[in-house]
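So the structure is just underneath, and the comments pick up after that.
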Amino acid sequence: LVRAAWQRARGGTLFIDEAYKLADTAEYGLEAINALVELMEAGRGEVVVVAGYPAQMSRFLEVNPGLASRFSLRLNFDDYDAETLEHILVDVFAPQRHVTVAEDARERLSGACRALTRAPGYANARSARTLFERWLIKQATLGAGGTLTDAALEAALAEDNLASPAKHPMGFA
């Protein structure tokens, strides 16, 4: 599978998101990492990008002694701040769903975004999406139409684990 993905990416970029998961899957993950190291050595000049959370990626790079040296450039991206999350919610997610945000909800939303950035499990836009989807559900439950209200936001915020959606059985893709 690794060799097939490598061949498809030749002349372009092989992008492996959440690459650290390979290190967490005993036999097959290590086999994939070893094959990747071999292909990277034989195919110098090909572009391979691996992405993931910093702590997990550090462990991933330690799994194979030759892996870390194959990556000549490492970039770390800062987490989104509260203002950026608010922009994503109001100016990206809301228009995509053809809804608007009521002015009276904006102040509560600002505070919610600040709290969200400090929450354990904070995952940038994924956390914002979780909040937005819960907000949409509460809005629909209240029957308040296409303007996301403060009441619906308050109801969404009353749910726990906004930064960690894994504890909730319902999701959207």
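The values are calculated or read from the model by the stated rules, or taken from the named source; none is laboratory data. Being a predicted model, the structure only gives us computed values, none of them experimental. Backbone-built Cβ (ideal geometry, glycine too); neighbour counts: all protein chains shown. Side chains are part of the model used for accessible areas, which takes the heavy atoms of the whole protein and leaves out ligands, DNA and RNA. Shrake-Rupley method; radii C 1.70, N 1.55, O 1.52, S 1.80 Å.
The residues of the range 52-69 that are assigned to a helix (DSSP H, G or I) and open to solvent by less than 50 Å² (accessible area, probe 1.4 Å), listed by number, are 57, 60, 61, 68.
May I ask you to verify whether residue 74 is basic (Lys, Arg) and at pLDDT 90 or above? The answer is no for residue 74. Every condition in (1) farther than 26 Å from residue 125 by Cβ; (2) in a helix (DSSP H, G or I) holds for residue 72 except the one numbered (2). If you go through the range 70-91 and keep only what is loosely packed, with under 14 Cβ neighbours inside 10 Å and free of Cβ contacts under 8 Å to residues at least 24 places away in the same chain, you end up with 71, 72, 73, 74, 75, 76, 77, 78, 91. Residues in the range 1-43 that are more than 20 Å from residue 75 (Cα to Cα) and assigned to a loop (DSSP other than H, G, I, E, B): 1, 10, 11, 25, 43. Here 159, 133, 154 are screened, and the one residue that is out of contact with any strand residue (DSSP E or B) (no Cβ under 8 Å at 6 or more places or on another chain), modelled with pLDDT of 90 or more and open to solvent by 40 Å² or more (accessible area, probe 1.4 Å) is 154. In the range 38-46, the count of residues that are touching a Phe, Trp or Tyr at 6+ places or on another chain (Cβ under 8 Å) and not small (Gly, Ala, Ser) is one or more. Number of residues in the range 75-88 that are assigned to a helix (DSSP H, G or I) and not hydroxyl-bearing (Ser, Thr, Tyr): the value is 6.
May I ask you to list the residues in the range 12-51 that are on the phi > 0 side of the Ramachandran plot and at pLDDT 90 or above? 18 - this is the single residue of the range 12-51 that is on the phi > 0 side of the Ramachandran plot and at pLDDT 90 or above.
If the condition is being touching a residue at least 12 places away in the same chain (Cβ under 8 Å), open to solvent by 60 Å² or more (accessible area, probe 1.4 Å) and closer than 16 Å to residue 65 by Cα, then the range 32-51 contributes 34, 41.
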